[in-house]
1. Among the candidates 302, 307, 313, 321, single out the residue that is under 28 Å from residue 586 (Cα atoms) and in a helix (DSSP H, G or I).
2. So residue 642 passes all but one of these: (1) away from ligand 3 (no atom under 16 Å from the Cβ); (2) buried (at least 18 other Cβ atoms within 10 Å of the Cβ). Which condition number does it fail?
3. Select from the stretch 324-347 the residues that are in a helix (DSSP H, G or I) and closer than 30 Å to residue 397 by Cβ and list them in ascending order.
4. Out of all the residues in the stretch 185-200, which are in contact with a strand residue (DSSP E or B) (Cβ under 9 Å, 6 or more places away or on another chain), over 25 Å from residue 74 (Cα atoms) and either more than 16 Å from ligand 1 (Cβ to nearest atom) or assigned to a helix (DSSP H, G or I) (or both)?
5. Here are 462, 494, 484, 415: which of them is more than 21 Å from residue 56 (Cα to Cα) and either within 16 Å of ligand 3 (Cβ to nearest atom) or crowded, with 24+ Cβ neighbours inside 10 Å (or both)?
6. Closer than 30 Å to residue 174 by Cα and touching a residue at least 12 places away in the same chain (Cβ under 8 Å): which single residue out of 353, 282 fits that description?
7. For the stretch 714-733, which residues satisfy the criterion of being out of contact with any strand residue (DSSP E or B) (no Cβ under 6 Å at 6 or more places or on another chain) and surrounded by fewer than 20 Cβ atoms within 10 Å (Cβ to Cβ)?
8. Name the residues in the stretch 241-280 that are farther than 28 Å from residue 600 by Cα, surrounded by 20 or more Cβ atoms within 10 Å (Cβ to Cβ) and out of contact with any strand residue (DSSP E or B) (no Cβ under 8 Å at 6 or more places or on another chain), would you?
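The values are calculated or read from the model by the stated rules, or taken from the named source; none is laboratory data. From a predicted model like this one, the values you see are computed outputs, not experimental measurements. Positions of Cβ are generated from backbone atoms using ideal geometry, with glycine treated the same way; all protein chains shown enter the neighbour counts.
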Ligand SMILES: Nc1nc2c(c(=O)[nH]1)N[C@H]1C(S)=C(S)[C@@H](COP(=O)(O)OP(=O)(O)OC[C@H]3O[C@@H](n4cnc5c(=O)[nH]c(N)nc54)[C@H](O)[C@@H]3O)O[C@H]1N2
Ligand SMILES: Nc1nc2c(c(=O)[nH]1)N[C@H]1C(S)=C(S)[C@@H](COP(=O)(O)OP(=O)(O)OC[C@H]3O[C@@H](n4cnc5c(=O)[nH]c(N)nc54)[C@H](O)[C@@H]3O)O[C@H]1N2
Ligand code: SF4
Ligand SMILES: [Mo]
């Protein structure tokens, strides 16, 4: 990684007072040093919240005239505690991105050729509305699918629901955390949610299964981790790659990729065999414990060593460490868990080990989130769809998420026309070309459509395939919906513009309302300006709107969030208990207790392709942000140093990767290191852009997405496991 702007990342520990991860790595920055000189007093401060990822940290933007100066965390905000992560601090770069979309565009060439004519908003929205009306007449409103990621999609979602489609989806379920939510729901009848309900700050021991916190930069988690490290938390890091956080671990387990289930079931066995589990919790709340005991007794540390490559002693000591510290200890449920296609079952194994530790709702493990109560806006009822969702149907994937749906199943319906045809995609803030596995399938689906609309801020890969591209104002230039996130303290946050959009970009609420008008659905927007909507909701909730605008955050009254403060355990499973044995799974013919199955291994000379986060980028959306680009302008290939030597490669050399289906990547720089196993390689996700419009980043680094042609669908919930692609090295490029 190239951190040319070291100063940017420097931290004064006096400012923040926390040592450990964030500080020692220099992650949280002192923005005063950003420009290498003390800055003048800012003219205007605007309270808002960040949009560089979905954490939605409260922030204060400083501007002078119509120029952004800097952005900092809002001290009132429970998510940021006054500090942004490096991506958030560099967030102001989105507005000066030289590639930005400036005005609405209509396609003139073939799909994907990126040939456009500039049109007015009226022309663009009329074009869309006409097509949507025709599709409704010919196929029904269900044939329009809406893909959106993040809070900015709320108002367009409202328009699309009013239009009559139930097919509203996001990659956050089937390509991200769906398996985790299903694994915990099946076991405890409760979800993990986002932000995760993990109480890292007060924890005495935590195991991270591939969850690379510290590179995965979700702000509150990293801040809490810093504090926990200061307080002496024991960390157990299970990762084929010696991640940043592995450097802080008491026990590092360099697991063979794809074998985590073996480790988890062995841990369960050890807890039982050594009498280390929470007997009171298990006897009061457990269901099917006897069956669990019988099932896991075969998973011994010696057997586990053969499967995972982890020394038996390390397996035993690491779980003893968790047991010793229970209930203030836990196995982190992870977040991006769509790895091998049996991910909901692996998440269930994580829920089971946690339940043996008796840690649910305990301080230092899983807290009970609380949320501010703010009423919604009284809209007319949406039309009901007789056809129902195209993606979440019947018995195919019994635990597919009904809210976020299955992007991949909507893609299938767009290709096959079954169970009914999807004829249009309306895409808001999700780069589906890079987010979904198998780009060829995505392009095939798009080529079958009658209409493809993309709302974006830059000419992303997905925008390149659109019929109509709508340029949105960035989060620093617009209003947005209220942020009411369940967390440790109840609060509401507001997003308001710090500066005006520089060209003909518009806010999502404006686009949604105008489009509704053109679809003859104006009555679904009974307010004129978004502020009428925001003010109505805030005042109905009994809060002061001017105060919210000024402070950015209003806090509610704290409620208990731990057993220690009076929270009572409740489990919304069919038995009302913690289901070690799941009757729901048994009834549908699935393993009622998770079992270990082997996954295919890379053939000799091939490596498993692993990928993850860069601390200074978000997915495939920040590479062209000039500030973040300066911090990291291309990704690197982590390659075991012995393998590198065999190939005569050293750090800094370039290679290409070829996957099992013959796909060849862009050039990528080698990082020869001992910090990764010999059977896999790793790169950060999001680089290797090939949209012509993204001039400043075109072709820089390699794209993991382009190499993820193979995926395995989780039979429980329909998510796409993506860690099953094997690559060979093409040297001398
Ligand atoms: N190969 C591979 N696939 C993955 C992953 C991986 O690591 N590797 N990770 C998976 C995970 S965990 C997730 S959550 C998903 C993420 O998938 P996505 O949410 O699709 O992530 P991005 O690639 O960042 O795409 C976001 C898009 O929104 C645009 N955008 C940014 N800001 C705004 C805005 O203010 N308004 C509008 N209208 N648009 C905006 C960006 O330009 C970009 O085109 O991907 C999943 N897919
Ligand atoms: N900076 C930054 N932070 C982010 C994001 C971002 O874009 N940028 N995105 C956010 C989002 S939406 C998500 S979902 C999270 C994702 O972050 P995480 O939930 O932490 O998940 P992954 O990206 O899948 O994790 C990658 C790690 O898993 C390891 N790994 C790969 N295969 C295996 C395996 O078989 N077993 C084990 N034990 N480990 C394995 C890899 O070596 C790598 O260290 O990050 C969040 N935080
Ligand atoms: S975690 Fe970082 S990028 Fe995400 S919202 Fe917070 S400050 Fe912004
Ligand atoms: Mo994610």
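1. The unique qualifying residue is 307.
2. (2)
3. Within the stretch 324-347, 343, 344, 345, 346, 347 meet the criteria.
4. 186, 187, 188, 189, 190
5. 462
6. After applying the criteria, what remains is 353.
7. Scanning the stretch 714-733 gives 715, 732.
8. Once the filter is applied, which keeps residues that are farther than 28 Å from residue 600 by Cα, surrounded by 20 or more Cβ atoms within 10 Å (Cβ to Cβ) and out of contact with any strand residue (DSSP E or B) (no Cβ under 8 Å at 6 or more places or on another chain), the stretch 241-280 yields 271, 277, 278.
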